[in-house]
Amino acid sequence: MSAALPPARQLEGVRVLDLTNILSGPYAAFQLALLGAEVIKVERPDGGDLARRLGADPALNEQLMGTSFLAQNAGKKSVTIDLKNEEGRALFRKLVASADVLIENFRPGVMERLGLDYEAIKADNPRLVYCAVSGFGQEGPLSGNPAYDQIIQGYSGVMSITGDAESAPLRVGYPLCDTLGGLLAAFAISSALFAREQTGEGAFIDVSMLDATISAMGWAVSNFLIAGVEAQPIGNQNMTAAPSGAFTASDGQINVAANKQEQFVALCRVLDVECLLDDPRFAEREARKRHRAELNAELEAVFATRSAAEWEADLNRANVPAGRILTVPQVLSHPQVVQRGLIQQIGNIRVARSGFRLGDSQPTASYPPPELGEHNTAVFETLGLDAAELTRLREAGAI
């Protein structure tokens, strides 16, 4: 196993207010925390982030530390403020004045009704980078609609091309659109912080999960926009080439992507079916795509004779991209993931870091996910509040 890299601290000194819930916003703020930002999660006093109650362990849900919350809130602090309380809003504005970034994923209009939208609070802090994450964005006929990941998966066209002719439309097996929205938000915030170094001014960022997803769909979108060809659900096959997709070995499935001519030639040699090279149905790329079903049938008969691991090893040695289809537990324990140090042990939990490493450091959470309101005293004291004032605010229901 390679030596662990020091924690990344590229955003050290940046204070982020995380007003978000569930996944898209929390995931964005988590990326910033992993790079050393001080992320302060501002939560409702009566339960906080809904994700605290979500996850596969009912006992943790009861403790308001559900696994859905733990997954993307390590390295953050938690304070409680009731933004519907007048004194709570006044305290929040003091906190905003000390911040560099604010992230919220309320439905458009909520922060404006509270008097805490960007136009209202930038007077307190003109250098503030304010990022609003929502399902459809801040404008447009759908902007006021409630939206979870499932809704955006359907609206974006993702579900229409996932699965095969019998199973589509099919949901992707994890919250794809929430995650894409969060990644885009973290990227946009980092860009705005860089620009602020040049201009001295903050920015308003409008992140739409729908826009983020469509942008990330790549060829499925461009093939229609440019070539007029609508993407179709073709299951575990790759529309751009053949043979390229999932095949069944003797003990499980394996992905093979012989997308280039030389890869197809090498594949046929490894499988000892060089006779296919002389078949006009399979002679070149477009012909193989037209006769995908016949080609796959020929190859499936051979793949079934050996294990997926054996085929994976032999094909990769021949420079044919191939990999077994693993379960989540299998990939998390794989030597590749272990050596990269992707999974961080922090306290009594493990979390996945960001999917990149820097030359001299690695994204790292500084401390475990916070209990609700765990850092009220520590954070509010930095604003000049003493113990008596904190007690009064608690009694007033502001925190």
Where the centroid of each part is defined by its Cα atoms, how far is segment 332-348 from segment 278-327 in Å? 31
So for segment 155-235, averaging the separation of alpha carbon pairs under 8 Å that are six or more residues apart and normalising by length, what relative contact order in percent results? 41
Would you tally the net charge around residue 373, using a Cβ to Cβ cut-off of less than 13 Å, leaving residue 373 out, and scoring K and R as +1, D and E as -1? 0
Taking amide hydrogens as modeled 1.01 Å from N in the peptide plane, which residues meet the under 5 Å criterion relative to residue 129, leaving out close sequence neighbours? 101, 102, 203
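May I ask you to derive the relative contact order of the chain, considering only C-alpha pairs under 8 Å and at least 6 residues apart, and to give it as an integer percent?
Values: 729 pairs, mean separation 82.5, N = 399.
Contact order relative to length: 21 percent.
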Express in whole angstrom the spacing between the alpha-carbon centres of segment 231-274 and segment 166-218. 32
Could you derive backbone 3J(HN,Hα) for segment 214-223 from the dihedral phi with the Karplus parameters 6.51, -1.76 and 1.60 (θ = phi - 60°), listing whole Hz in sequence and x where the residue is Gly or Pro? 4, 4, 7, 6, x, 4, 4, 7, 5, 4
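Computed FRET efficiency, Cβ-Cβ of residue 142 and residue 383, R0 22 Å: what is it to the nearest 0.05?
Numbers: r = 38 Å, r/R0 = 1.73.
Using R0 = 22 Å, I get an efficiency of 0.05.
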Under a Cβ-Cβ cut-off of 14 Å, what is the net charge of the residues other than residue 41 that fall near it, where Lys and Arg count +1 and Asp and Glu count -1? -2
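Fewest first, what order do 76, 94 take by the number of other Cβ atoms within 10 Å? Before the final figure, lay out the partial values.
On the way: 76 26, 94 14.
Ranked by crowding around the Cβ, least crowded first: 94, 76.
Can you compute the helix-only [θ] at 222 nm over the chain? Use -39500 (n - 2.57) per DSSP H run of at least 4 residues, normalise by all residues, nearest 500 deg cm²/dmol.
About -10500 deg cm²/dmol.
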Remind me, relative contact order of segment 28-100 in percent, using alpha carbon pairs under 8 angstrom and six or more residues apart? 31
Considering only C-alpha atoms, what is the centroid distance from segment 1-72 to segment 82-120, in Å? 19
For the chain, the longest principal axis of the Cα atoms and the Cα long axis of helix 308-317 enclose an angle in degrees, to the nearest 10, of 80
Mind checking the angle between helix 24-34 and the chain's longest principal axis? C-alpha axes, 0 to 90 degrees, to the nearest 10. 80
Correct choice for Kirkwood radius over Cα pairs in Å that was computed from the model, options (i) 21.5; (ii) 23.9; (iii) 24.9: (ii)
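Which order, highest average first, do 14-27, 355-368 follow once you tally other Cβ atoms within 10 Å for each residue and take the mean per peptide?
Numbers: 14-27: 24.2, 355-368: 14.9.
Result, highest mean Cβ count within 10 Å first: 14-27, 355-368.
Only the coordinates and a few stated rules stand behind these numbers; no lab work does. These numbers were taken from a predicted model, which means no experiment stands behind them. Don't worry about glycine lacking a Cβ; one is built from the backbone with ideal geometry, like all the others, and counts go over all protein chains shown.
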